[in-house]
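Engineer: Structure in structure tokens, see below.
Values quoted throughout were computed directly from the atomic coordinates according to the rules given, and no laboratory measurement underlies them. The shown structure was predicted, so the numbers you read here are calculated from the model rather than taken from an experiment. Here the Cβ positions follow ideal geometry from the backbone for every residue, glycine too, while neighbour counts run over all protein chains shown.
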Amino acid sequence: MALSTVLDDDRTNAATAWALVAGLTLAAAVSLGFGEPLWSVLALAGVAVAVVPAVAYRDASAMPPWEVLAVVAVPALLLAVGAPAAVTQAASYLALAALALLVVVELHVFSSVELTPRVAVALVVLLTMAATGVWTVVRYAVATLLGTGFVGKVALMWDITLATAVGVLAGGLAWAYLASHESAGTAGFGVDDHAVAGGEDGTNGSDDEGVAEDDGDPDTDDDGDDRRGLMLAVRAMQVALVGVTLFALVTFRWGLVINAGIPLAVTFLPGALERDVGLPMNAGLTAWITLAVFLHAVGALGPYQWFGWYDSVTHALSASVVAGAGYASARALDLHYDRLTVPPEFMFAFVVVFVLAFGVVWEVLEFASGGLSSLVGGEAVLAQYGARDIVLDLTFNTVGGVLVALFGTSRLRGVAGALASSLGGRSAGRS
């Protein structure tokens, strides 16, 4: 399945697509004039993505499929006819998914990134969810800046839940859409799944034997004294978590049992991964993971309610662990599959997108936890404290992801290399 077949050089398609581009440009100007800058930005994003093929090929007939651009234009049309805000908001999530599909295809065709169809579809889902997180934060910032007010927590979370569902649905629709274009015999522009960055043989320039030489981790071995100190801290946190779990059991606080018991189990995960899978989980990585889950468990005792900053700190730290896992997994797949190439400059963006998407899913889980506790009674395992709390969570998740993408990947190269080795030698198969 060639991703490039999504782009089309049919003149009828081009004429329709350019008409939609003109409509989106007009909608952006009108939205800005009526004090709706966010809708203006969405329309302009559609314009920018739409014209990339024409600019790259210097051919006005090279345009994305008009039907995908039509989905992007739906929110602008609904705004123009005065549709209910809820309907327009729902349409905006479909537009984000359509934009995500076009961005992924254009990354594959016009950059050094090489994607297989399965990875491309997964990336469409992640991008849609990540865009939802960004959209939420920006909406809140604009409402605060302009003093226009913002939706309540419940309404916001239903929006995010809907957007998450649309993101998952978008994956299936993207796969079906790519398959339909291939079965229809669309020729694309002669750029298949092998030829963008890796040459005629479809490889990404690495040796076919083993994994990349540069993914050994010089920082894997900790200094002896540092290792002992870190492992002592890990054991102390584990003992404290045992105490919190026992306290929760004795006092019948079942929410706290889960909030302390699961983190306690997670603290033993690094050792299990090193012992059973062979991942090089040094003392620094073990302490990093343990500290993240330990602070969450302690927060459930009261600091989440007592200190406004505590939740932001724990979200940033937890997000950094998620970012590390996302980087290691993506790098391992990059090393293993010949037909998949994610250069370092794009890996940064992937880590941030992965964390944003995970953060959106986490907020949905928190919302579901609160709803379940309301139905059956008892203490919610995960809690939300308002729309501002949700926005801050998403913001500090991003901070944690950016910090790892900038400064933490060198500590994870050994893990990525070991994961790739566990998959076997380089493969040209489909990922």
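Engineer: For an R0 of 25 angstrom, estimate the FRET efficiency from the Cβ-Cβ distance between ALA60 and VAL87 and round to the nearest 0.05.
Structural biologist: Taking R0 as 25 Å, the efficiency between ALA60 and VAL87 is 0.15.
Engineer: Just need the relative contact order of region 326-431 here, percent rounded to a whole number, with Cα pairs under 8 Å and 6+ apart.
Structural biologist: Relative contact order here is 51 percent.
Engineer: If each residue's Cβ is checked for other Cβ atoms within 10 Å, how do ASP159, ASP59 rank with the fewest at the top?
Structural biologist: Neighbour counts put them in this order, fewest first: ASP59, ASP159.
Engineer: Which one, VAL52, ALA165, THR12, is farthest towards the positive end of the dipole of region 3-183 when Lys and Arg carry +1 and Asp and Glu -1 on their Cβ?
Structural biologist: It is ALA165, whose Cα lies furthest towards the positive end.
Engineer: Measure off 7 Å from each Cα along the Cα-to-Cβ vector at LEU145 and THR25, then give the distance between these two points in nanometres to one decimal.
Structural biologist: 2.5 nm
Engineer: Which order results if MET63, MET281 are arranged by neighbouring Cβ count within 10 Å, fewest first?
Structural biologist: By the 10 Å Cβ count, ascending: MET281, MET63.
Engineer: What percent of all Cα-Cα pairs in region 230-382 falls in each 5 Å bin, counting up from 0?
Structural biologist: For region 230-382, the binned pair fractions read 2, 9, 14, 18, 19, 16, 11, 7, 4, 2, 0, 0 percent.
Engineer: Let's see if you can work this out: charge +1 on each Lys and Arg Cβ, -1 on each Asp and Glu Cβ, no other charges. What is the dipole magnitude of region 295-418 about its Cα centre, in debye to the nearest 20?
Structural biologist: 340 debye
Engineer: Relative to the Cα centre, what is the charge dipole magnitude of region 213-423, using +1 at the beta carbon of each Lys and Arg, -1 at the beta carbon of each Asp and Glu, and rounding to the nearest 20 debye?
Structural biologist: That gives a dipole near 620 debye.
Engineer: So how compact is region 3-183: Cα radius of gyration and Dmax in angstrom?
Structural biologist: Over region 3-183's Cα set, Rg and Dmax evaluate to 16.4, 51 Å.
Engineer: If a paramagnetic tag sat 7 Å from the Cα of THR251 along the Cα-Cβ line, which residues of region 355-380 would have the backbone N under 16 Å from that point?
Structural biologist: Label zone hits: 379-380.
Engineer: Something else now. Restricting to DSSP loop positions (anything but H, G, I, E, B) with no more than 10 other Cβ atoms inside 10 Å of their own Cβ, which GluC sites (Glu not before Pro) remain in region 27-130?
Structural biologist: Qualifying residues, ordered by number: none.
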